[in-house]
Protein chains: 2
Amino acid sequence: MIPGEKFPVMEIFGPTIQGEGAMAGKRCHFVRFGGCDYRCSWCDSMHAVTPELIKLNAQWLLPHQIVERLEYISILGGRSQWVTLSGGNPGMWDLTSVVEELKKAQWKIAVETQGSERRDWLEHCDLITVSPKGPSSGMHHRFNMRALGEWLTMQDKSSSRLRQVVFKVVIFNQEDLAFAREIRLTYPFVPFYLSVGTPLEFDTEKGLRHYICEGYKNLSEMALKDDAFSDVTILPQLHVLAWGQEKGR
Amino acid sequence: MIPGEKFPVMEIFGPTIQGEGAMAGKRCHFVRFGGCDYRCSWCDSMHAVTPELIKLNAQWLLPHQIVERLEYISILGGRSQWVTLSGGNPGMWDLTSVVEELKKAQWKIAVETQGSERRDWLEHCDLITVSPKGPSSGMHHRFNMRALGEWLTMQDKSSSRLRQVVFKVVIFNQEDLAFAREIRLTYPFVPFYLSVGTPLEFDTEKGLRHYICEGYKNLSEMALKDDAFSDVTILPQLHVLAWGQEKGR
């Protein structure tokens, strides 16, 4: 870490509902960092990925400024126990100092990353959601099963603190499900979430909610037929069901 | 328990997705018992509540027959780790022998009950969801805060086994939310789920999915404003989003 280093923050928002994974339905705040080493075809956060947009819109903030903004919007809108560091890929950055400041201010820290970078500061976070990208993303060739396994060394069940690694795979089609299956069978003891993909374009007549619910039905029916998924959790994106693709939710 | 005692089973089904509470999104099987001491205005399982319907449709099964049916449909459709005992109110019955048989057959047991009866066999279940009924149910006068607290003695964190009590409150309106709030503030350390109420009747033009998603949005926005709910989980009924009000889902 470079003292006084600033980080490109695209959004700080909350309180809202975490829509996915192990904390689905729980109140949390979000800090979205700019920058990603992937370019997923269905990315819903391209404003935090495209370098031109980051250059244009990022606020470069010091760690204590990030915490101050969180505290400020908590006074306005209500406090959460949890803050989720998202992106882009927050693993692009050395967030050691940000995590330190957040911990001092009593935030529980969740992180969402696709798993390409494994950083020391992650050891101090409470929940790490690693979401390998399947064939539909176009980033499949970057996947490395062994590297994914290395995340599990952060799982520390003997500690009284929850510091857990979970896997989440977004599913758009059969190929994604086969991809998820391979991961599930390789690491069967890791909490595993199948998340229905939300398309960037859809049949507007019936609406996005209908589309997602159909997708949830189809994914559930497919996964229920396969005993590899007998102990996984299957979820739609709850924040999209509530608020659509509104930014800052 | 009377040896050879039979129990009124309305449905045995699965594998499907648990739509609510602590296991929302997880695969499970269900056994629905007939009989309930409540008559909630919005009950979605009246076929397991109305005495005439129970008399007409219940299959009276021995414990080992219940397990055999579960095993049989697992061979057909896939096995779950979990079986949920639901109703009606399964607390109406002494299910000691059923729980014993299920345990022998390696099922993890979840129970859904409104909390009017506390039975010894519950000690041997893995997850107990107690769902007090708020004002919209018309059963509010039956609620007893102290009796609710007695369920918590079943929480055994020192055991390696998960045997957990969680609270789930169905929310249709502001009064229900105030009711939930009181419970939350009285027992702040119990995992707590707010569940969007699914109406028996709704605007058919936009459809049930739309209705539930709007309800989820509204409930989330209300609950996010109230710090009493800062660490609860807010969920829609996922099985209804997927399959509507189909029986056997």
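The table for this structure:
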| read-out | value |
| --- | --- |
| Qualifying residue in the range B:149-169 (condition: of a type in the set (Asp, Glu) and within 14 Å of chain A (Cβ to nearest Cβ)) | no |
| Candidate set from the range B:107-147 (those that are open to solvent by 50 Å² or more (accessible area, probe 1.4 Å) and not in a helix (DSSP H, G or I)); member that is nearest to B:His64 (Cα to Cα) | B:Lys108 |
| When residues of the range A:219-249 are limited to those that are hydrophobic (A, V, I, L, M, F, W, C) and closer than 15 Å to A:Ala24 by Cα, the one farthest from the other protein chains (Cβ to nearest Cβ) | A:Val240 |
| Test: residue in the range A:51-61 that is out of contact with any Ser or Thr (no Cβ under 7 Å at 6 or more places or on another chain), buried (at least 16 other Cβ atoms within 10 Å of the Cβ) and not in a helix (DSSP H, G or I) | yes |
| Number of the condition not met by A:Ser220 [criteria: (1) buried (at least 22 other Cβ atoms within 10 Å of the Cβ); (2) within 24 Å of A:Gly115 (Cα to Cα); (3) at pLDDT 95 or above] | (2) |
| Residues that are touching a residue at least 60 places away in the same chain (Cβ under 8 Å) and either assigned to a loop (DSSP other than H, G, I, E, B) or of a type outside the set (S, T, N, Q) (or both), drawn from the range B:88-106 | B:Gly88, B:Trp93, B:Asp94, B:Leu95, B:Val98 |
| Test: residue in the range B:35-42 that is in contact with a Pro (Cβ under 7 Å, 6 or more places away or on another chain), modelled with pLDDT under 95 and open to solvent by 30 Å² or more (accessible area, probe 1.4 Å) | yes |
| Any hit, the range B:188-201, residues being part of a loop (DSSP other than H, G, I, E, B), open to solvent by 30 Å² or more (accessible area, probe 1.4 Å) and modelled with pLDDT under 90 | yes |
| Condition met for A:Gly77 (at pLDDT below 95, in contact with a strand residue (DSSP E or B) (Cβ under 8 Å, 6 or more places away or on another chain) and surrounded by 18 or more Cβ atoms within 10 Å (Cβ to Cβ)) | no |
| Test for A:Arg209: is it under 16 Å from A:Leu238 (Cβ atoms) and assigned to a helix (DSSP H, G or I) | yes |
| Filter pass, A:Thr96 being of a type in the set (S, T, N, Q) and within 30 Å of B:Ile234 (Cβ to Cβ) | no |
| Failed condition for A:Arg69, given (1) closer than 20 Å to A:Ala48 by Cα; (2) crowded, with 19+ Cβ neighbours inside 10 Å | (2) |
| Pair list, Cβ under 9 Å, 6 or more apart: the range B:13-29 residue touching a residue at least 60 places away in the same chain (Cβ under 8 Å) and on the phi > 0 side of the Ramachandran plot, other residue of a type in the set (Ser, Thr, Tyr) and outside any strand (DSSP E or B) | B:Gly14/B:Ser74; B:Gly14/B:Ser80; B:Gly21/B:Ser131; B:Gly25/A:Ser220 |
| Out of B:Val83, B:Val49, sole residue that is hydrophobic (A, V, I, L, M, F, W, C) and closer than 23 Å to A:Ser230 by Cα | B:Val83 |
| Count - residues of the range A:169-187 that are part of a helix (DSSP H, G or I) and either within 17 Å of the chain's Cα centre (by Cα) or of a type outside the set (Ser, Thr, Tyr) (or both) | 12 |
| Any hit, the range B:123-139, residues being within 19 Å of B:Ile234 (Cβ to Cβ), modelled with pLDDT of 95 or more, among the small types (Gly, Ala, Ser) and touching a helix residue (DSSP H, G or I) at 6+ places or on another chain (Cβ under 6 Å) | yes |
| Residue check for B:Asp37: of a type outside the set (A, V, I, L, M), more than 14 Å from every other protein chain (Cβ to nearest Cβ) and under 24 Å from B:Gly244 (Cα atoms) | no |
| Number of the condition not met by B:Thr16 [criteria: (1) more than 27 Å from B:Pro135 (Cβ to Cβ); (2) open to solvent by less than 20 Å² (accessible area, probe 1.4 Å); (3) more than 14 Å from chain A (Cβ to nearest Cβ)] | (3) |
| Options B:Arg69, B:Arg79, B:Arg39, B:Arg27: the member that is basic (Lys, Arg) and closer than 30 Å to B:Asn144 by Cα | B:Arg39 |
| Cβ pairs under 7 Å, 6+ apart, first in the range A:220-249 and in a loop (DSSP other than H, G, I, E, B), second of a type in the set (Ser, Thr, Tyr) and open to solvent by 10 Å² or more (accessible area, probe 1.4 Å) | A:Val232/A:Tyr193; A:Gln237/A:Thr198 |
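The values are calculated or read from the model by the stated rules, or taken from the named source; none is laboratory data. Every value quoted in this text rests on a predicted model; they were computed, and no experiment measured them. In this analysis, Cβ positions are derived from the backbone assuming ideal geometry, glycine residues included, and neighbour counts consider all displayed protein chains. These accessible areas exclude ligands, DNA and RNA; they are computed on the full protein's heavy atoms, side chains included. Shrake-Rupley method; radii C 1.70, N 1.55, O 1.52, S 1.80 Å.
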